[in-house]
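The values are calculated or read from the model by the stated rules, or taken from the named source; none is laboratory data. Quick caveat: nothing in here was measured; it's all calculated off a predicted structure. A quick note on method: Cβ atoms are made from the backbone with ideal geometry, for glycine too, and the neighbour counts reach across all protein chains shown. When the accessible area is computed, the model is the full protein with side chains, heavy atoms only, and any ligands, DNA or RNA have been set aside. Shrake-Rupley method; radii C 1.70, N 1.55, O 1.52, S 1.80 Å.
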Amino acid sequence: TEEEAIQLANDTEYGLGASVWTMDKVKMMRVMKQVNAGSVWGNGWYSVDDNMPFGGMGCSGTSREHGPWSLEFYTETKALYYPSMK
């Protein structure tokens, strides 16, 4: 079933990429949204656009390369506390 396929796809500690193959476009989009992978292709694989984020989930990584998403990779957040000044 569709639910079993999604469960099998997500039953891993990795999640760099996945493919969904079907002639039903509605089903394709529904399943693609539920698969835990950084890149999910429909009826194909490994077509990469430099303007789209690239990276994995789980043990395949948490950051993204390419596009504005890559700025987080190079950013280190720092909290600054100081007393109020009059």
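Things to note:
- Treating r as the C-beta distance of Thr12 and Val48 and R0 as 22 Å, the FRET efficiency rounds to 0.55.
- Computed about its Cα centre, the charge dipole of the range 1-62 is approximately 180 debye, with only Lys, Arg, Asp and Glu carrying charge at their Cβ.
- Exposure ranking of Thr22, Thr12 by accessible area [1.4 Å probe, largest first]: Thr12, Thr22
- Residues whose placed amide H lies under 5 Å from that of Ser19, excluding near-sequence neighbours: Trp41
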